[in-house]
Amino acid sequence: MEIKEVKLSVHAWENSESVKFIITLLNNTDSEKIFIFRTGQQYDIHVLNPEGKEVYRYSKDRFFTQAIEYVNFAPGEARKWEGTWDYKCDGKRVEPGEYIVLVNLVGKEEGVKTPIAKDMFTVS
């Protein structure tokens, strides 16, 4: 039996110059969920190198609007976002290898555990 919950997923699509992250939030429950976002940021992306060190964070050096937003998700509704990373850390291209991407939703909904998604990709 499938557990009905709010699900967050991320899929990494790499090419020679960058990786694109497709992020999907799915309300897989029978009730509407209302997420509260305290800024214009709705998610964050973290990339870890093979040693587990963070080499990229979407929110680093970015500024987001300071406004509370309520976002309704009907049962079965999905929302998608995309992000890209150019394989650079501190201005230099990272070494080839297997990397992990972690995505977390920054909005909160009462009774819903903060969704986190994970995928792996290769930098060649």
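The values are calculated or read from the model by the stated rules, or taken from the named source; none is laboratory data. Nothing here was measured: the structure is a model prediction, and the numbers come from that model. Reconstructed Cβ throughout: ideal geometry from the backbone, glycine too, with neighbour counts over all protein chains shown.
Per-structure values
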quantity: Residue check for Glu82: under 17 Å from the mean Cα position of the chain (by Cα) and at pLDDT below 95; calculated: no
quantity: Cβ pairs under 6 Å, 6+ apart, first in region 1-17 and in a strand (DSSP E or B), second β-branched (Val, Ile, Thr) and at pLDDT 95 or above; calculated: Ser9/Thr24; Val10/Ile23; Val10/Val101; Val10/Val103; His11/Ile22; Ala12/Val19; Ala12/Val101
quantity: Leading residue by the ranking (nearest to Ala12 (Cα to Cα)) among those in region 60-96 that are touching a residue at least 40 places away in the same chain (Cβ under 8 Å) and surrounded by fewer than 12 Cβ atoms within 10 Å (Cβ to Cβ); calculated: Glu82
quantity: In region 5-33, residue farthest from Pro75 (Cα to Cα) [restricted to those that are charged (D, E, K, R) and surrounded by 15 or more Cβ atoms within 10 Å (Cβ to Cβ)]; calculated: Glu14
quantity: Selected residue (only one of Leu102, Leu48 is farther than 24 Å from Asn27 by Cβ, at pLDDT 95 or above and not β-branched (Val, Ile, Thr)); calculated: Leu48
quantity: Scan of region 37-48 for residues that are farther than 15 Å from Arg79 by Cβ and not in a loop (DSSP other than H, G, I, E, B), ordered by number; calculated: Asp44, Ile45, His46, Val47, Leu48
quantity: Pairs with Cβ under 8 Å, 6+ apart, first in region 102-116 and farther than 16 Å from Asn72 by Cα, second part of a strand (DSSP E or B) and aromatic (Phe, Trp, Tyr); calculated: Val103/Phe21; Val103/Tyr43; Asn104/Tyr43
quantity: Matching residues, region 48-59, being basic (Lys, Arg) and in contact (Cβ under 8 Å) with a residue 12 or more places away in the chain; calculated: Arg57
